[in-house]
Amino acid sequence: MTAALTKIYVPRDTTACSLGADRVAVVIQQHIEKNQLPLEIVRNGSRGLYWLEPMLELETEQGRVAYGPITPDKVDEFMAAACWLRSDQHPLYLGLTEDIDYLKRQQRLTFARVGVIAPTSLEDYCQHGGFAGLRTALAMKPQAIVSCVTDSGLRGRGGAAFPTGIKWQTVLDTASPQKYIVCNADEGDSGTYSDRMIMESDPFSLLEGLIIAALAVGADRGYIYLREEYPLAEEVLNRAIDVAYANGYLGKAIAGSNFSFDLELRLGAGAYICGEETSMLESLEGKRGEVRSKPPLPAISGLFGQPTVVNNVISLATVPIILAQGAEHYQRYGAGRCRGTLPFQLAGNIKYAGLVELAFGYSLRDLLEDFGGGTRSGRPMRAVQVGGPLGAYLPESQWDTALDYEAFIEIDAVLGHGGVVAFDDTVDMSEQARFSMEFCAIESCGKCTPCRIGSVRGVELIDKICAGKAPAQNSILLEDLCYTMANASLCAMGGMTPIPVRSALEHFAEDFEVDAGPASRPSPQA
Amino acid sequence: MGLASNSPLEHENLVERIIKELQDLPGALLPILHRLQDELGFIPPALLPVIATGLNLSRAEVHGVVSFYHYFRSSPPGRNTIQICRAESCQAMGSRALEVHAQRALRCKFNQTSADGEFTLLAVYCLGNCACSPAVRVGDEVYGHVDAAKFDSLVAALSTSEVQVK
Ligand SMILES: Cc1cc2nc3c(=O)[nH]c(=O)nc-3n(C[C@H](O)[C@H](O)[C@H](O)COP(=O)(O)O)c2cc1C
Ligand code: SF4
Ligand code: FES
Ligand code: FES
């Protein structure tokens, strides 16, 4: 006598929950029970259309339709409207989810399942193409798997954009009885959340990528190094790992083969530098996260001195689709030396903040205007920081730059992990430059002087310049300091901190003048 | 955060139990410190020698690790831990003003605990919630679009005693 229940999707993702999605789910469940409604709640991940969160979806004959934002204060009214009877009768009705323009204009390869499936349902995962890449890989020789990844053109998505296949080749070619795969899930860059989304919304894709990597290079142990700041990702990943073990996708004889792979989740402890791969390895070994000098490369002597693949979450989660659909298919997307797609993350003062997975080659302006829709405050946009705290601040004159690693390097900027943080015209760029130095001082591992001491001096110099104390002289000193940090630091923490600082000085020089205090600028939004 | 019995003997028993359970993990020190902080809310300095002995490390090494990581703390936190994101995306949406407001409202600075022991205020650099900046984390809950008013109502909801949010 029980009729089939209609599925209503309520996201469970950090940002959706930060806007009340858990509360919304509780209230809907109360309505279902009280009124015996023919509905069943599914907690999916987020589609990443964050200005619409909490975005609910309802299963209909035409496909899933969306409503949003349904915040906790609107949910009673939403349930009273009984949308499951006539789905389009609601002011917050958004139409078929797949037809929402913001989503439709993307090329979701790595994020194909994100927000669609219930994150830790193995059944959902398999129904949506999951483990097709692993099945292909299990029938291939290790060299063929590595060559496939090399041919796809995939470059590391953690920031340094090093070709993933070439890194794997080194590990494959280094003979050793013990090799490791380490997933870099430290995602420390401000303005980035794509790793978090994969881990919260489609964790099996990361696990599948890790298993394929292990198979390719001959590793039988892996670690995911996750930042402590991501408690929900931790919970979902641990659950996914348990499910994978219980179903023969981790442990001995994976998917019926004679290949074994063990995977463990480890937590960081609030240190940005532990995202740097050698610092991360130190941390995994139970030590202070001090950067190692290279060589040796981790691929030759990494975790506990053994050959180790270190890859970012997105790099690894992209591997399954490359194996499933072939290198040729993946590398058809993109431009120049940048093949495939990058999940951009729109953040900061932007109207339509969210995840935008696009093939390389669009312009930054396409992202900011066509997707982002300008600032959230409604004021003119003034500066955009791309690529995290070590990335340049770009003025409008540079927004036509193509989203391409090389094109960004050409303008002394970086694409990094794809974070895009917009600022309106209330920003004081001297404060931003000062913060870049301050952040470096706070997060420096302390191993080398240009970074450890230079960053502290950098803060002092910027303070002096802005206070009008011998600004011309101190500006020369600051440029000297930037030169030293850029050229004499052991790693990119000290080495790249000058990038945002110099970009602010170059493009927004007026903000460093004495009387350019906040008073002379429009006041920030309330 | 659990038990909260504060006797040194119980702390010692606890850490010995944790060491016994985790010492065979490769690179066991961080997992042990995490578990200890999960249980006690902090890493009592008096336990460092016990950990050092258990893992065959020097005391200086253990201290070096505990002090390297911002997350590990060596004194007990307040009943709630409030982290305010200080990173760029949140700056773009007014987190600098929120930082000032929070310190005034709780009458304590970053890394301090309010006088009534309710709140420890901490800085954090990105919570991955940058699509809804400014972001704040309390325990394991993250909040988005936090302005001064939202901060005050959060604090009010968390307070056990009457707080004067100014
Ligand atoms: C200061 C610093 C922080 C970094 N943080 C991260 C991070 O949070 N996540 C990440 O994947 N890579 C980070 N990296 C890059 C890693 O060192 C490394 O290049 C990357 O994990 C390799 O994986 P990929 O080739 O798949 O990108 C950081 C590098 C530096 C210098
Ligand atoms: S540049 Fe900074 S973070 Fe990197 S090794 Fe030197 S001190 Fe450590
Ligand atoms: S180049 Fe990757 S950290 Fe220095
Ligand atoms: S910068 Fe504040 S949450 Fe990312």
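A few remarks follow.
- Qualifying residue in segment A:254-272 (condition: of a type in the set (Phe, Trp, Tyr), within 16 Å of ligand 2 (Cβ to nearest atom), at pLDDT 95 or above and surrounded by 15 or more Cβ atoms within 10 Å (Cβ to Cβ)): yes
- Tally, over segment A:159-181, of residues that are within 16 Å of ligand 3 (Cβ to nearest atom) and in contact with an Asp or Glu (Cβ under 8 Å, 6 or more places away or on another chain): 1
- Close pairs from segment A:278-302: first within 12 Å of ligand 1 (Cβ to nearest atom), partner of a type in the set (Lys, Arg), Cβ under 6 Å, at least 6 apart: A:Thr278/A:Arg292; A:Val291/A:Lys447; A:Ala299/A:Lys167
- Single residue of B:Val124, B:Val155 found to be modelled with pLDDT of 95 or more and within 16 Å of ligand 1 (Cβ to nearest atom): B:Val124
- Scan of segment A:284-312 for residues that are assigned to a loop (DSSP other than H, G, I, E, B), within 22 Å of A:Arg155 (Cα to Cα) and within 14 Å of chain B (Cβ to nearest Cβ), ordered by number: A:Gly302
- Residue within segment A:238-250 that is farther than 24 Å from A:Ser147 by Cα, more than 13 Å from ligand 1 (Cβ to nearest atom) and within 14 Å of chain B (Cβ to nearest Cβ) present: yes
- Qualifying residue in segment A:457-464 (condition: crowded, with 21+ Cβ neighbours inside 10 Å and β-branched (Val, Ile, Thr)): yes
- The one condition in (1) of a type outside the set (S, T, N, Q); (2) over 30 Å from B:Glu61 (Cα atoms); (3) in contact with a His (Cβ under 6 Å, 6 or more places away or on another chain) that A:Gly270 fails to fulfil: (2)
- Picking from residues in segment A:389-447 that are touching a Gly at 6+ places or on another chain (Cβ under 8 Å) and of a type in the set (Val, Ile, Thr), the one that is farthest from ligand 4 (Cβ to nearest atom) is A:Val414.
- Taken together, the residues in segment A:314-355 that are surrounded by 24 or more Cβ atoms within 10 Å (Cβ to Cβ), within 12 Å of chain B (Cβ to nearest Cβ) and touching a Gly at 6+ places or on another chain (Cβ under 8 Å) amount to 9.
- Taking segment B:1-73 as the region of interest, none of the helices (runs of 4 or more DSSP H) fully inside it holds 2 or more residues being touching a helix residue (DSSP H, G or I) at 6+ places or on another chain (Cβ under 7 Å), within 13 Å of another protein chain (Cβ to nearest Cβ) and touching a residue at least 40 places away in the same chain (Cβ under 8 Å).
- Taken together, the residues in segment A:479-495 that are hydrophobic (A, V, I, L, M, F, W, C) and either within 13 Å of ligand 3 (Cβ to nearest atom) or within 14 Å of chain B (Cβ to nearest Cβ) (or both) amount to 5.
- Counting only helices (runs of 4 or more DSSP H) that sit completely within segment A:117-211, those holding 2 or more residues that are within 14 Å of chain B (Cβ to nearest Cβ) and within 27 Å of A:Ala335 (Cα to Cα) correspond to A:194-201.
The values are calculated or read from the model by the stated rules, or taken from the named source; none is laboratory data. Everything quoted here is computed from the prediction, not taken from an experiment. Don't worry about glycine lacking a Cβ; one is built from the backbone with ideal geometry, like all the others, and counts go over all protein chains shown.
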